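What follows is a single structure, written as structure tokens, with notes after it.
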Amino acid sequence: MATLIRVDQTHEVPDELPVVALRDLVFFPYMVLPLLIGRPPSLAALQAAETGEGYIVLVAQKDLQVEDPSNDDVHRIGVVAQALEVSRLPDGNARVVLEGVGRCRLRRLVDSEAGFSASIEPFVAEERADREETNEEEATARGVLRLFHEYVHLCERVPNDVLSSTSLESDRLRSAHLISGHLLVLPSEKQELLESPAVAPYFGLLREILVRELEILRIEEKLDSQIRMQLDSDHRQLYLQEQLKAIRQELGSDSADEWSDLAASVVSASLPKHARERAERELNRLEKLNPAAPEAAVIRTYLDWILGLPWTERREDNLDVEHASGILDEAHYGLSEVKDRILDHIAVLSLVGELKGPILCLVGPPGVGKTSLGRSIATALGREFVRVSLGGVRDEAEIRGHRRTYVGALPGRVLQGMQRCGTTNPVFLLDEIDKLASDFHGDPGAALLEVLDPEQNKTFTDHYLELEYDLSDVLFVATANTLAGIPGPLRDRMEIIRLPGYLDTEKLAIAIRFLWPHQAMRHGLPTDVELTRDAAKAIIRLYTREAGVRELDRRISRVARKIARRTAESGSAVTEGSTIDEGALKALLGPPIYLARSNDDEERCGMANGLAWTEAGGEVLDVEVAVVPGSGQVQLTGTLGDVMKESAFAAVTYARSRAPRIGLDPQFNKDVDIHIHIPEGATPKDGPSAGITIATALISALTGIPSRADVAMTGEITLRGRVLAVGGLKEKAVAALREGLKKVLLPAANAAELELMPEEVIEGLVFVPVRTMDEVLTEALTSMPEGRRSFPEGGSSVGTQLSQ
């Protein structure tokens, strides 16, 4: 059984350990180094160490050329190390991270099939513990530390981090080992350091080595300095030779001056006065510089930008209103409001001849065609089209450019777009303007204020160009999903045009006229393969639920892919004139994803249909209320925001205040708990428009009277039961029609917006403006609670049912 011996102050190790012989390396205590072990005896010793406590003896070879060292080929003083991490490599080698523990002396070395092993004894400094250090030894130790600091600063291969671990305030022997381990000297000298019997001679030997190595490093630094000076001299000579070459070319060559082409471009360019003066001034500076000078490249790039921008070039507008209307209708179905605005602009332009470009902002859910509409506007006007995506832009320099003092500076995206189009009057699309961000680099939204202000953009100044540039002829079109992300001053400079979600009839027309022909052509199907109207309706109703048509396009694309695959697998072409009907959809698209809403009034106690606005369009939300025995607690779930929570509490207070009129005990709330939940709990919800919906569901749960399944509602509630106006009515109405609802209750203050509703929505829904919760309950519940006074015949005197 192995005996434990102490090799330092904290570690006790067995007196028999496996041994690894090291070539070209001397390991020191307290060092942590990775080693690559590949020789079979060394791998066997490492394996033996792993089976034990991880301790291993590292000794240096006397001759580096010996491949298989024997007992006489290794030194007798080594280091006990502990394996911290062992990794086996695919080539059979091993990578091990070792930490030196303490010095040891090999008493007996045994070579066996399992590798080297040795019987060891501690090798410690031969000094008495009570011996006091002399002043000379103290001076030597401090000198060694100072020399090592200088050595680290001069030697680039030694990291500066080692200085923090070599303080003399800690163990002197430990500091000596760490300094020795980081010296770049021969292994024989390191072995001599390792075998130092006492601390004093250890530091003395270290001092001799450091003095010698520092002298060598200083000589190397001197030689490097001389080489750098020689290189500087060579560069100067090359510079003079280039100047001499230029002079010779000037005196004896018939070729044009190096900058003549650039000068001719400046002369022939159609530049305004201030731009021409700047270009000529920069050209004069450029002619005095060496072509290889860095500043010459900066000036040349600057002149290229001035000459590349369109200063006076413009495209003639196509002012034919009928032509423009045809192009817009051909490319986009519906979107009458924005089409009318563009046609109005063209008509006015045809009368006055010149008109400042409007700044339009198309706001609507994803997939309704905002971006593609910008390209169609350019086609209708006969102008160039430029698109710049602003999503995620957070640096003001992205809009206004970087100043020329920065390396690699460029103009901002506005002038880059103007250079690409080559005219002064393009249609310039600022896509996703609501996705702008801001941080310490600046606010790009503030930089856009000058771009989008018709009174200021005539003299737009880019930081790179530092010249006034006229943007007043540009027709700017911005797109956004919501106005919430657009700063107020920027929103004030734009004309807002809202694009609500498509109706099902519009989606049907888009699918038949646009999407299916496009996908059939992309997938190699005959042009007369028809997607029937019933099939398109089923895709819209059962496989998509969105305000736009992107998901519809993906579903139709999947139908085309499946048919193309069947054709490829069968080896026969698709029959011309074949049709895809509703019955084939399940095999092509799988089972329906969205099912029709239940219209069973009997199951709707404590439920009501609410209408919500989202960035993706309108949505129908179910509000559920459960009343259980309890102590008057109100619980709200469904990831509700603060505003919606306040609406829920307002609804509860209203119900308590109206308890006698709806047949409830005025103190009913003391004996029950009320749980209000809005499903799809993972989706955050907020806003005041669910107030009357929550109140209706609550009263339905308290009275046991079901709510009508075909009625949806939206409106903010007050404590006295008044119904206040809300936003997003058009999108909400489209969502109600899409879900098959029949009646929508809306605040009377929003009744004027009904005139702007699409005709199909007016025909498909009954709109009931309401002013109070009494009118809401009359329309929303299947019957009136007992004990409640009846309402005026036909509803409230201020509520009028609108239907066409």
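Results, tabulated for the structure shown:
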quantity: The stretch 698-704 - phi-based ³J(HN,Hα) in whole Hz, Karplus 6.51/-1.76/1.60, Gly and Pro as x; calculated: 5, 5, 5, 5, 6, 9, x
quantity: Loop-resident sites, the stretch 416-472, for GluC sites (Glu not before Pro), counting at most 12 other Cβ within 10 Å (DSSP); calculated: 455, 466
quantity: Size of electric dipole in the stretch 389-469: Cβ of Lys, Arg +1 and of Asp, Glu -1, about Cα centre, debye, nearest 20; calculated: 340
quantity: Cleavage-rule hits (trypsin sites (Lys or Arg not before Pro)) in the stretch 410-445: DSSP loop, at most 12 neighbouring Cβ within 10 angstrom; calculated: none
quantity: Ellipsoid equivalent to the stretch 401-473 - semi-axes via the Cα gyration tensor, in Å; calculated: 19, 17, 12
quantity: Percent accessible area from carbon and sulfur atoms, the chain, protein chains only, probe 1.4 Å; calculated: 49
quantity: For the chain: span of alpha carbons on each principal axis (Å, largest first); calculated: 114, 97, 69
quantity: Vicinal HN-Hα couplings computed from phi for the stretch 619-632 (Karplus, 6.51 cos²θ - 1.76 cosθ + 1.60; Hz; Gly/Pro x); calculated: 9, 9, 10, 8, 10, 10, 10, 10, 10, 10, x, x, 10, x
quantity: Quarter of Cα convex hull surface for the stretch 1-69, i.e. mean projection, nm²; calculated: 5.3
quantity: Peptide ranges 705-713, 139-147, 619-627 listed from the most packed, as the mean C-beta count within 10 angstrom indicates; calculated: 705-713, 619-627, 139-147
quantity: Per residue, the convex hull volume that the Cα atoms of the stretch 438-592 enclose (Å³); calculated: 201
quantity: Using θ = phi - 60° and Karplus 6.51 cos²θ - 1.76 cosθ + 1.60, couplings along the stretch 482-495 (whole Hz; Gly, Pro as x); calculated: 8, 7, 5, x, 9, x, x, x, 6, 5, 5, 8, 10, 8
quantity: Per residue accessible area of the chain, 1.4 Å probe, in Å²; calculated: 50
quantity: Among beta bridges that DSSP assigns inside the chain, antiparallel share in %, nearest 5; calculated: 60
quantity: Between helix 172-181 and the chain: long-axis angle, C-alpha atoms, 0 to 90°, nearest 10; calculated: 80
quantity: Cα-centre dipole for the stretch 323-466 with unit charges at Cβ (Lys and Arg positive, Asp and Glu negative), debye to 20; calculated: 360
quantity: For residue 622, distant residues with modelled amide H under 5 Å away; calculated: 610
quantity: Cα-based helix-to-principal-axis angle, 550-570 vs the chain, degrees rounded to 10; calculated: 80
quantity: Distance between the stretch 634-697 and the stretch 373-441 - C-alpha centres, whole angstrom; calculated: 47
quantity: Over the stretch 55-147, volume per residue of the alpha carbon convex hull, in Å³; calculated: 185
quantity: Magnitude of the charge dipole, the stretch 468-532, Cβ model with Lys/Arg +1 and Asp/Glu -1, debye to 20; calculated: 280
quantity: Solvent-free Debye scattering, log10 I(q)/I(0), computed from the Cα coordinates of the stretch 390-432 at q = 0.27 Å⁻¹; calculated: -1.01
quantity: Kirkwood Rh in Å, taken over all unlike Cα pairs in the stretch 347-391; calculated: 12.5
quantity: The stretch 306-415, Rg to Rh (Cα coordinates; Rh as Kirkwood inverse mean 1/r); calculated: 1.04
quantity: Gyration tensor (alpha-carbon) shape descriptor, the stretch 144-217, a/c threshold 1.5; calculated: oblate
quantity: Cα convex hull of the stretch 687-739, projected area averaged across orientations, nm²; calculated: 4.1
quantity: For residue 464, distant residues with modelled amide H under 5 Å away; calculated: 402, 412
quantity: Amide H partners (placed H, <5 Å) of residue 74, local residues excluded; calculated: 62
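The values are calculated or read from the model by the stated rules, or taken from the named source; none is laboratory data. The structure presented is a predicted model; accordingly, all values stated were derived computationally and were not measured. With ideal geometry, Cβ positions are generated from the backbone for all residues, glycine too; neighbour counts draw on all protein chains shown. Accessible surface areas use protein heavy atoms only, side chains included; no ligands, DNA or RNA. Shrake-Rupley method; radii C 1.70, N 1.55, O 1.52, S 1.80 Å.
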